[in-house]
Amino acid sequence: MALAKYNGAHPKIRAALLASAIGQPCHFCGKPMLPGQRLDLDHTVDGSAYRGMAHMTCNRRDGGKRGRAAQLRSQRAAHADPGPSRTW
C-alpha cells in the first residue's frame, strides 16, 4: 500500500523530471544518473518539498539510515534507566 505522500502529484512530478535527470549528478553520491538506472524523486524528511531526483539505492539508503536512527532513539528512550526502585 502506497503512503499518502506518494499519491496524487508525486508520480506526475517524478515522470516530468525523469528525462531531465539523465546525466545530472545524484545529490547524494554525486555520480551521474544514467539511462536504465532506477531513480527516485527524493523529498525532504518532513515530506513538504522535493529535493530532486536521486539514484533509487542512494535515496532509500538515506531513508533507511534515518529510519533506523529514529528506531534506536525510541528504543533507548523506552529502556532508559528509571532510577532505583526504592528510596532508602
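Residues in region 36-65 that are under 20 Å from residue 19 (Cα atoms), in a loop (DSSP other than H, G, I, E, B) and among the polar types (S, T, N, Q): 37 alone. The single condition among (1) at pLDDT 95 or above; (2) among the small types (Gly, Ala, Ser); (3) more than 18 Å from the chain's Cα centre (by Cα) that residue 15 does not satisfy is (1).
The single condition among (1) more than 20 Å from residue 12 (Cα to Cα); (2) in contact (Cβ under 8 Å) with a residue 12 or more places away in the chain that residue 53 does not satisfy is (1).
Scanning region 21-68 for residues that are surrounded by fewer than 13 Cβ atoms within 10 Å (Cβ to Cβ) and among the β-branched types (Val, Ile, Thr) yields 44, 45.
Quick one: would you say residue 18 is out of contact with any His (no Cβ under 8 Å at 6 or more places or on another chain), exposed (fewer than 14 other Cβ atoms within 10 Å of the Cβ) and outside any helix (DSSP H, G or I)? The answer is no for residue 18.
The values are calculated or read from the model by the stated rules, or taken from the named source; none is laboratory data. From a predicted model like this one, the values you see are computed outputs, not experimental measurements. Neighbour counts run over all protein chains shown; Cβ positions are idealised from the backbone, glycine included.
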